[in-house]
1. Tell me the relative contact order for the chain as a rounded percent, counting alpha carbon contacts under 8 Å between residues six or more apart.
2. Sticking with the crude label model, points 7 Å out along Cα→Cβ, report the distance from residue 181 to residue 77 in nm, one decimal please.
3. Over the chain, with a Gaussian network built from C-alpha contacts below 10 Å, which listed residue (58, 157, 287) shows the highest mean-square fluctuation?
4. In segment 126-240, what percentage of the DSSP-assigned beta bridges are antiparallel, given to the nearest 5?
5. For a quick check, take a GNM of the chain with Cα springs below 10 Å and name the residue from 28, 42, 158 with the largest mean-square fluctuation.
6. Restricting to bridges with both residues inside segment 85-163, how much of the DSSP beta-bridge set is antiparallel, in percent to the nearest 5?
7. Give me the distance in nm between label points sitting 7 Å out from Cα along the Cα-to-Cβ direction at residue 174 and residue 146, one decimal.
8. Quickly rank 225-233, 183-191 as a protection proxy: mean count of other C-beta atoms within 10 Å, highest first.
Ligand SMILES: Cc1cc2nc3c(=O)[nH]c(=O)nc-3n(C[C@H](O)[C@H](O)[C@H](O)COP(=O)(O)OP(=O)(O)OC[C@H]3O[C@@H](n4cnc5c(N)ncnc54)[C@H](O)[C@@H]3O)c2cc1C
């Protein structure tokens, strides 16, 4: 088994993990970030790389992949090493610190750990009976908006991803129809107002009940749940933004206290295991918000307390540079 020694190991290269690595590096310590996925960015890269993000400070709007590129570049500039396509399987404590074992039989020894494992692994929720059209018109992640140019696009869902993409693609696709099974959206109110005054056809209290096409999707059959009537909507492409199921994976077996799938932390982002901190979507505390900007803030707190844990001579407050 090969080995590696660093100051702080960070599990997860989503926005929280990348920013924690930046701050650990800025404190003069050696951070290593490990992630199961082959590219950094966590949920952003896996689920919405092309979506514009409107609620990260400093940007009026930024594409997911651009934000990730900048976070990864910043972490590497601060001295962080990224090990991608590397799942961390176990975490063991010893008197001198921690040992993480990866799926590649590698051992990482470190003095402190920051768990930024988000929701673990995530799988998009499938649209019932849509399997035969996957890759033939139906998709669960939009990777190339240009591929939707001049297409008749149906978007299914009522969350931020559905609303943001409907607005973004309004001027790209030939037509955009948004189908949502409820009459209320789970999206930023301002964006919903924009949607309702846009050219997007919004069908609420409605469900896609059948897909039509031979070798490729051509139409979606929509049920209006208020009237019980069915009608066909032209659909050369359908993007199903139905959320995803998450599985915490190995992290759940590391002996760190959990509340459901989340890790309770104190105000210093400490878990119940001394030397193990957490940041990002995996954490829980009163008032918790699962947002990128919240992950950034938690990462700063976790990284600075981890630095002080590794070297008590380092003050928690980093000062200004
Ligand atoms: C469709 C969608 C749209 C969104 N839009 C917005 C938005 O507009 N604005 C906003 O603020 N937030 C948005 N979010 C939420 C935002 O993406 C999350 O809050 C953010 O990604 C959390 O970052 P994180 O670093 O905590 O975790 P994640 O991004 O989940 O990253 C965690 C990483 O940990 C890795 N990992 C887990 N277990 C292991 C292991 N054992 N070994 C190695 N690696 C492991 C995973 O592979 C993953 O890459 C959206 C989420 C979704 C799903």
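1. 21
2. According to this spin-label approximation, the distance is 4.5 nm.
3. Maximum among the listed residues: 287.
4. That works out to approximately 45 percent antiparallel.
5. 28
6. Approximately 90 percent, going by the DSSP bridge assignments.
7. So the label points at residue 174 and residue 146 sit 2.1 nm apart.
8. By packing density, highest mean first, the sequence is 183-191, 225-233.
We did not get these values from a lab; they are worked out from the coordinates using the rules stated. Treat the numbers as computed from the prediction; the structure is a model and nothing was measured. All Cβ positions, glycine included, derive from the backbone under ideal geometry; neighbour counts span all protein chains shown.
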